Every structure is written in structure tokens, then in C-alpha cells.
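The values are calculated or read from the model by the stated rules, or taken from the named source; none is laboratory data. Keep in mind that this is a model prediction, so the values were computed, not measured. Backbone-built Cβ (ideal geometry, glycine too); neighbour counts: all protein chains shown.
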Amino acid sequence: MKRFRIAVLAAVFVIICMMSGCSANENRIGMSVTIDNIDVAQLTEAEAYEKLSYHYAKQTYNTIITITDSNGNSVSERADALGLDYDVRSSVLAAIDMSYIAWNGRSGRNIDTEMIIDTAKLRSKIDEIAKKFTVSPEQATFAYNPDSDGFFDFVPEKIGYKVDTDMLYEKVYDALSGKAERNIEIELTQLMPTYTLDDAKSDCSLLGEFSTSFGSGSLNNPGRVKNIVKGAGLIDGYAIAPGESFDINKVLGPRNETNGWFVAPGIVKGKYEPEYGGGICQVSTTLYNAALLSGMEIVERHHHSWPMSYAPIGQDATITTGGLNLILKNTSDKTVIVSALVNTEKQSITVRMFGRKTDDPYTRKLVSKKIKTIAQPEDEYKLDSSLASNTVKEFRSGREGVISETYMYYYDKNGDVIKKELISKDTYRALSTIYYVSEDMYYSRFWEK
């Protein structure tokens, strides 16, 4: 009888072990237990973990979230890269625990695995994705181009875009958790440029222009024309920043042979002499007038020894290497660009200044007039012992002097003069004729007889 009881107990123990999946060596999941409807019956903890981990790794790898913006651009990311995972360990442990009670009438149970979203990983990935949709706005640009009909080439502005990262985070989170579709559409926020094509065109408005001709007489000296072309080329396209001064001598550099200047007539000691850079004053004069008409401040300017034929009296500007200069200042809050172009067919030079126009409604016009004539002084005779006897040689021709005034007239839209402003009062001094004479003629004092 005792042996029978032991045999019955042993049989019951075997049955319980079979139902619960236990063995002498390790715990196994009971019969008919599934995790997410995946059969894990009779698997050890390690085997079940490996099987489910592989299943969910494959699932999250193959689950694709596609984000498309309002411009039609799209980015696709794997769910695992976005932080989606499953708590496989907890599900397996729950299956093991269930196996111990499966014999108690609860076999055939399914366990649902909890979904896990790594929010820190998702947030980091959202920031990375947002950069792919972000487009920085591009400001409009312009470049001076003397060959263009309007003197400038323009590139219009471009609108930029950015993503609302909080909105994108919520949409992707919902897609990962199954609350929303995996194909996500997002609206982008526009980033507007601060400098538009209209702004660029406004900054390239014509402020003033002036032309002079070199088509007559000695003005058309070949070397002189070459110097005008060279000088214009050096100042053409120069940008004067707000508050900056334009020093023409600094821009042109010394006028000498080394720097590629040509010999042409220039005023030296009251008469024309061949010199390097002769004729450059026609460039500075044209620039001076254009600057006045453009509202530039004149910091330094000097008139010639006598009025020039290529500009109205009182409107010339002479310069010398290392000496007399023409300096302009941009007092506006926008850059002023100098255009200096020579038309060799028409034999003229035109200087234009471009920038942003002020609210000043007036049209400007320069008006100059003579207000007084200064008599030519008596001739001068100077001894030159190197001259042969009975020789009189003219060194310099004399001329009358003149005083002039130059005004800026301001006209309204009806053509009426609103005001006038004195620009300069210039005195072109009278010059005597100078002769060099031989000793015999000098001591004879023939000019006094």
C-alpha cells in the first residue's frame, strides 16, 4: 500500500511538471502560451528572448516612417532608428510565471508585449530630420555690370523654410505608437528674406550723372585719351561704403611710367607741359560734377589755373600726384557705386553714381556764372644768360583772370526753382606773359621804352 502511494505521488509530480514545463535542469514556458500570438511553448527564457528579439528587431527595422513636406520633399526613417523598441524581457518573464499556474485551468494564454519609445532618441532624431527640411532664406543680391543695360545684374531673393519640431515630434510619435498613419505630411513655416529684389533695385538707383567731351583740339591727344580711359577704368565700379571717403589720388595711384600712364599735355607752372597722366583731370572733373548732382559731400576739391573747355567755369577739379586732390564722402546710410565709362566713338566720358535715393523730391542742376574779370598783369621779362644775343623767348602766355560762382538749383516736380545753394566761389588768377631774354636785350630794358 505504501509503495502504491509513492507511485501515485510520483505520477502526479510528473504530470504537473509536464503541464508547467518544468524540468530538473531549467524552467521552460508552458504549453499553449504565446507572446503576441507567437508560439513560445516549451522554450527556455533565453530561447524565447532570442526568438522574440529577432522578431521585433526585424519588425522595427522594416517599419518605415515617411515624412513629406508641403514642397514635396520627403525623408524616410526606420522605426528602430526613431527609438521604437519592445519590452521583450518583461513578456518572457511573464510567460515563465504563467507556466507555473498554467495547470490551474489557465493554459492557452497570450501575452501582449509593451511597446517602448525612447523619447530622447526620438527627439534627437527629429532635430536631425528637421535640418533636412530646413532651407535658409537667400537674400537678393546685385553686382555692378557695365555691359548690362541697367548697369547691374540682380539675383532675386529666395524664401527659406523650417519645421515645427514639436509638431513633427508628436506626429512621428503617434505614427510609431500606431495612433496615426506611417506616411506623415507636414506643413513648413516660411522664412522670409530680409533683403528683396525690390530692395536691391532701390539700392541701385541712379543718383546723378555727368558727361564731358574730349573730341576737340588738343583734348583728343592720343596719350591724353589713353589716360582718360585708364583713369576711368580704375574708378569704375568702385563702391563707397556709408561714411567712407573716396580719395581719387589714392585710387589712381602715382601717375608715372612705371604704373602705365602715358605722356600728354598737363598744366605745370601755368603752362602746358608733357607729363605722365596728362588729361586725368578730365576724369576727376567729370567725377566731381556727378558727385555734386548725387548729393555727395565734397571734402576736398581744387580748381585749375584757368577754366577748362570741357566743363563749365567753376565746375572743374584738378588733381596732382602727391598734391592737389579730390575727396568725396558718402554721408548716406547706403553704399554708393561709381560708374565711369568712356565712349571712344563719341569721344566722351560719363560718370554715374548709383545708390538709394533719399526722400528729397527735388531735381538738381548745376549753374555757374562769371561775376568778375581780372585784368591780365603786365608782361614779365626774365634774364636767361644761356640765350644767344638779341633773343626774346616766350615762356608762358598770359591771360585774364576770372571769378566765378557755382550754384546748385533745386527744382520741384513742376520745374519751379525751390532754392539754390552756393557750391563754390572760385578765383582763376590772372597770369602775366613771361619772356626769357638774352643778356643784351635784358640790360637794354627794351620793354620800358
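Results for (1) surrounded by 12 or more Cβ atoms within 10 Å (Cβ to Cβ); (2) more than 55 Å from the chain's Cα centre (by Cα); (3) of a type in the set (Gly, Ala, Ser), shown as yes or no for each residue.
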| position | (1), (2), (3) |
| --- | --- |
| 372 | no, no, no |
| 388 | no, yes, yes |
| 418 | yes, no, no |
| 429 | yes, no, no |
| 435 | yes, yes, no |
| 442 | yes, yes, no |
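I need the full set of residues from region 327-371 which are aromatic (Phe, Trp, Tyr) and over 22 Å from residue 301 (Cβ atoms), in order please.
So the first thing to find is which residues in region 327-371 are aromatic (Phe, Trp, Tyr), and the list is 354, 362.
Answer for region 327-371, where residues must be aromatic (Phe, Trp, Tyr) and over 22 Å from residue 301 (Cβ atoms): just 362.
Give me the residue from region 178-196 that is β-branched (Val, Ile, Thr) and assigned to a loop (DSSP other than H, G, I, E, B) and, out of that set, surrounded by the most Cβ atoms within 10 Å (Cβ to Cβ).
Checked region 178-196; the qualifying residue surrounded by the most Cβ atoms within 10 Å (Cβ to Cβ) is 196.
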Exercise for review: Name the one entry in 250, 269 that is free of Cβ contacts under 8 Å to residues at least 12 places away in the same chain and surrounded by fewer than 19 Cβ atoms within 10 Å (Cβ to Cβ).
Suggested key: 250
Exercise for review: Identify all residues within region 306-352 that are touching a helix residue (DSSP H, G or I) at 6+ places or on another chain (Cβ under 7 Å) and aliphatic (A, V, I, L, M); write none if there are none.
Suggested key: 308, 311, 317, 319, 326, 328, 338, 340, 341, 342, 349, 351
Practice item. Could you tell me whether residue 216 is surrounded by 14 or more Cβ atoms within 10 Å (Cβ to Cβ), polar (S, T, N, Q), assigned by TED's automatic domain parsing to the domain that holds residue 349 and touching a residue at least 60 places away in the same chain (Cβ under 8 Å)? Key: no
Practice item. Could you look through region 65-81, keep only residues that are of a type in the set (D, E, K, R) and under 13 Å from residue 126 (Cα atoms), and pick out the one that is surrounded by the fewest Cβ atoms within 10 Å (Cβ to Cβ)? Key: 78
Exercise for review: Go through region 385-413 and count every residue that is more than 27 Å from residue 288 (Cα to Cα) and in a loop (DSSP other than H, G, I, E, B).
Suggested key: 9
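Does residue 231 satisfy the condition of being in the same structural domain as residue 316 (by TED's automatic domain parsing), surrounded by 13 or more Cβ atoms within 10 Å (Cβ to Cβ) and either under 30 Å from the mean Cα position of the chain (by Cα) or closer than 30 Å to residue 67 by Cβ (or both)?
On the way: in the same structural domain as residue 316 (by TED's automatic domain parsing): yes; surrounded by 13 or more Cβ atoms within 10 Å (Cβ to Cβ): yes; either under 30 Å from the mean Cα position of the chain (by Cα) or closer than 30 Å to residue 67 by Cβ (or both): yes.
In short, yes.
Can you name every residue in region 155-177 that is part of a strand (DSSP E or B) and buried (at least 16 other Cβ atoms within 10 Å of the Cβ)?
Here is the first cut: in region 155-177, the ones part of a strand (DSSP E or B) are 155, 158, 160-162.
Across region 155-177, the qualifying residues are 160, 161, 162.
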Revision key, fill the gap. When residue 340 is run through (1) buried (at least 20 other Cβ atoms within 10 Å of the Cβ); (2) within 27 Å of the chain's Cα centre (by Cα); (3) assigned to a loop (DSSP other than H, G, I, E, B); (4) not hydroxyl-bearing (Ser, Thr, Tyr), the failure sits at (3)
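With farther than 22 Å from residue 252 by Cα, touching a residue at least 40 places away in the same chain (Cβ under 8 Å) and not in a strand (DSSP E or B) as the only criterion, which of 346, 365 stands out?
Values: 365 fails: not in a strand (DSSP E or B).
Exactly one of 346, 365 is farther than 22 Å from residue 252 by Cα, touching a residue at least 40 places away in the same chain (Cβ under 8 Å) and not in a strand (DSSP E or B), namely 346.
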Practice item. Being over 19 Å from residue 167 (Cβ atoms) and either modelled with pLDDT of 95 or more or among the β-branched types (Val, Ile, Thr) (or both) is the filter; apply it to region 100-117 and report the residue that is farthest from the chain's Cα centre (by Cα). Key: 101
Review point. Within region 222-318, which helices (runs of 4 or more DSSP H) (wholly inside it) include 1 or more residues that are under 30 Å from residue 375 (Cα atoms)?
Key: 280-293
